[in-house]
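Each reported figure results from applying straightforward, stated rules to the coordinates on display, with no laboratory input. As the structure is a computational prediction, the values presented were derived from the model and not from experiment.
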């Protein structure tokens, strides 16, 4: 259903991004998923290849979460779920404590508790608390609440944040 409703964006955005960035409109990166198994996450490109911000277009895609739409392909491939802890960088794996590793007991999600509660405005500690709560209280009702809050937030731009999270440096600084 997510792919069907996002079809208009898949028709318009790739050619626009191809022209804007002068090449591939997609961004792929290896991330850990269920049981920390690595997979390639897909997103619409929001930055130039040299890491420079894509100004208005990249910020718009991130703020509206449209950059996340290609992850419905990851859901179809069985690598992700609609709801779950967001997949973080693989380089963070050795930095997690036992509580933080709980996030890998479920499939990562396109949206999750941290996304509806502040996204990049949250500290790493708060993000991991939301992830652990989600894993411990996994239920269809919780998933439906998160999906509803995500959709509401997208249309109201509540929790909109076009920034990029600061790197996770391990537990002492989180």
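I'd like the distance separating the alpha-carbon centroids of the stretch 98-118 and the stretch 1-75, in whole Å.
So the separation of the two Cα centres works out to 20 Å.
Per DSSP helix of 4 or more residues, -39500 (n - 2.57); summed, then divided by the residues of the chain. What does that give at 222 nm, rounded to the nearest 500? Don't skip to the answer; put the middle values down first.
Working: 8 runs with 73 residues, N = 174.
That comes out to -12000 deg cm²/dmol.
Helix 7-21: angle to the longest alpha-carbon principal axis of the chain, degrees 0 to 90, nearest 10?
Compared with the principal axis, the helix lies near 70 degrees.
Please find, in a Gaussian network model of the chain (springs between Cα atoms separated by less than 10 Å), the residue of 118, 23, 109 whose mean-square fluctuation is greatest.
Most flexible of the set in this elastic network: 23.
Going by alpha carbons, how many degrees (0 to 90, nearest 10) lie between the helix axis of 124-136 and the longest principal axis of the chain?
Result, in degrees: 70.
With both bridge residues required to lie in the chain, what share of the DSSP beta bridges run antiparallel, to the nearest 5%? Don't jump to the answer; show the numbers that get you there.
Details: 8 of 10 bridges.
Counting DSSP beta bridges with both partners in the chain, the antiparallel share is about 80 percent.
Please identify, among 79, 99, 126, the residue showing maximal mean-square fluctuation in a Gaussian network model of the chain using a 10 angstrom Cα cutoff.
Highest fluctuation of the listed residues: 99.
To the nearest 10 degrees, how steep is helix 55-64 against the longest Cα principal axis of the chain, on a 0 to 90 scale?
Taking the Cα atoms of the chain, the angle to 55-64 is about 50 degrees.
With springs only between Cα atoms under 10 Å apart, run a GNM on the chain and tell me which of 48, 130, 104 wobbles the most.
48
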